[in-house]
Amino acid sequence: MEQTFIMIKPDGVQRGLVGEIISRFEKKGFTLAGLKFITVDRPFAEKHYEDLSAKPFFNGLVEYIISGPVVAMVWQGKNVVTTGRKIIGATNPAESAPGTIRGDFAIEIGRNVIHGSDAVESARKEIALWFPDGPVSWRSSLNPWIYE
Ligand code: RTP
């Protein structure tokens, strides 16, 4: 089953949005396969965002991600990468639709509450970085009520 990496950024944690965000993924029918509450250091954040290292906002982005604890998660389910991005909404909250996480809870691109992998291959890399021991392997007893 497809997996994606989802991170509630420090602003989402500080603003008490952890339960709300987890609830949206759970209610959709996706399965939690990994969860940690951690503060990452600068080299780790730079590694996570290495594809953006040439961007002018890179340093600010790294400062933001290391500014407090984050909730790192693996979510699993059919099309979870693409659907997860839809649940999250457009990168810039000014363009995120109401009903999405960023559309409902964020105003600025540099405080957009949550990260989600943008492709199956980047999800694989991000899960390997954040969960080197691998995600939790289990089968939800609800699956027959979610998948035909
Ligand atoms: P994410 O990786 O966090 O899910 O976001 P994304 O794919 O939707 O967007 P990406 O282009 O990968 O950018 C990563 C994060 O960098 C911050 N950003 N700031 N100031 C700016 O112009 C700017 N552009 C991007 C955002 O926090 C974005 O989520």
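Read-outs throughout are calculated quantities, based only on the coordinates presented, and are distinct from any laboratory measurement. The structure displayed is predicted, hence computed values, not measured ones. Virtual Cβ from ideal backbone geometry, glycine too; neighbours counted across all protein chains shown.
Values for this structure:
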| item | result |
| --- | --- |
| Prolate/oblate/rounded label for region 35-148 (Cα gyration tensor, a/c 1.5) | oblate |
| Listed residue pairs exceeding 20 Å between alpha carbons, taken from Lys9/Lys47; Lys36/Lys86; Lys27/Lys47; Lys27/Lys86 | Lys36/Lys86; Lys27/Lys47 |
| Degrees, to the nearest 10: 120-130 long Cα axis against longest axis of the chain | 70 |
| Gyration tensor (alpha-carbon) shape descriptor, region 104-148, a/c threshold 1.5 | oblate |
| Net charge contributed by nearby residues that have their C-beta within less than 14 Å of Pro43 (K/R +1, D/E -1) | -2 |
| For Val40, distant residues with modelled amide H under 5 Å away | Val70 |
| Net charge of neighbours whose Cβ lies under 12 Å from the Cβ of Ile21, counting Lys and Arg as +1 and Asp and Glu as -1 | +2 |
| Estimated vicinal HN-Hα couplings, Hz - region 37-46 in sequence order (Karplus 6.51, -1.76, 1.60; Gly, Pro = x) | 10, 9, 9, 9, 8, 4, x, 5, 5, 5 |
| Helical contribution to [θ] at 222 nm, DSSP H n ≥ 4, -39,500 (n - 2.57), averaged over the chain, rounded to 500 | -10500 deg cm²/dmol |
